[in-house]
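A short write-up of the structure that comes next.
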Amino acid sequence: MDSGAQRVSAELPPLLRVYEDGLVERLVGSGFVPATLNDPQTGVSSKDVLISPESAVSARLYLPKLTCNRRKLPILVYFRGGAFCIESAFSFLDHRYLNILVNEANVVAVFVEYRRAPEHLLPVAYDDCWAALEWVSSHSVGRGANYEPWLTDYADFDRIFLGGDSAGGNIVHNVAMRARAQSLPHNL
């Protein structure tokens, strides 16, 4: 990203640089890739969904190659790493990783795209991820807001798991603690 002659107001090497006009330059991270149907290496399909139009929380859903056995699959709600400020649920490296994970574990995955710092300071990431878990959970009791058929048709709400790497692991802890204190549909 060309910053021109602007002055840097803050830096977090080697991750990002913030300019006086508020422009954020992310110095590392892999590029975005589109969702795919029937990934050629794994057979996993993915698609992007908007969870909350108000906050722009979204996710990439992953569905393993389906077999004749129509048994419902466990759900993995996954939160990415990246120091709360880099990478994305739509990045090349994370997309490839989730394709492999979903294929090997035979789960339906919801890879949450939470808003990044420094544009959105904590606890925004925690709140976004909580909203995503509420959205997933809402599918256990029928067709709620932003109904998603991949969840209602293929997911087993008695087998839901949270996972994440790096900052995502921190989010897992915070979301799990909140789930213990607050109720979710289906008593998840």
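The values are calculated or read from the model by the stated rules, or taken from the named source; none is laboratory data. From a predicted model like this one, the values you see are computed outputs, not experimental measurements. Every residue, glycine as well, gets a Cβ built from its backbone with ideal geometry; the counts of neighbours run over all protein chains shown. For the accessible areas, the whole protein counts, side chains as well, though only heavy atoms, and no ligand, DNA or RNA atoms are used. Shrake-Rupley method; radii C 1.70, N 1.55, O 1.52, S 1.80 Å.
Summary of computed values
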{"read-out": "Helix 92-105 vs. the chain, principal-axis angle (Cα, 0 to 90°, nearest 10)", "value": "20 degrees"}
{"read-out": "Three-way shape call for the range 30-181 based on the alpha-carbon gyration tensor, with the a/c threshold at 1.5", "value": "oblate"}
{"read-out": "Student exercise, the chain dipole from Lys, Arg, Asp, Glu Cβ charges, in Debye to nearest 20", "value": "620 debye"}
{"read-out": "Leu93 paired with Val141, simple spin-label distance in nm, labels 7 Å along Cα-to-beta-carbon", "value": "3.9 nm"}
{"read-out": "Cα gyration tensor shape of the range 92-188, rounded if a/c is under 1.5, else prolate or oblate by comparing a/b with b/c", "value": "oblate"}
{"read-out": "Built amide H within the under 5 Å cut-off of Asp156, gap 5+", "value": "Leu73, Ile75"}
{"read-out": "Nearest 10 degrees, 0 to 90: helix 167-181 Cα axis against the chain principal axis", "value": "50 degrees"}
{"read-out": "Probe 1.4 Å, all protein chains present, accessible-area order of Lys47, Lys65, largest first", "value": "Lys65, Lys47"}
{"read-out": "Cα lying deepest toward the dipole's positive end in the chain, options Ala89, Phe79, Ala155, charges on Cβ", "value": "Ala155"}
{"read-out": "Between helix 124-138 and the chain: long-axis angle, C-alpha atoms, 0 to 90°, nearest 10", "value": "10 degrees"}
{"read-out": "Electrostatic dipole magnitude of the range 21-128 [Cβ: Lys, Arg +1; Asp, Glu -1; Cα centre; debye, to 20]", "value": "660 debye"}
{"read-out": "Residues in the range 64-88 that a label on Asp48 would reach, taking backbone N under 13 Å of a point 7 Å out along Cα→Cβ", "value": "88"}
{"read-out": "Positive dipole terminus of the chain, leading residue within Asn38, Ser55, Trp130 (C-beta point charges)", "value": "Asn38"}
{"read-out": "Estimated [θ] at 222 nm from DSSP helical runs (n ≥ 4, -39500 (n - 2.57)) normalised by residues in the chain, nearest 500", "value": "-8500 deg cm²/dmol"}
{"read-out": "Val33-Met177 FRET efficiency (beta carbon distance; Förster radius 35 Å; 0.05 resolution)", "value": "0.60"}
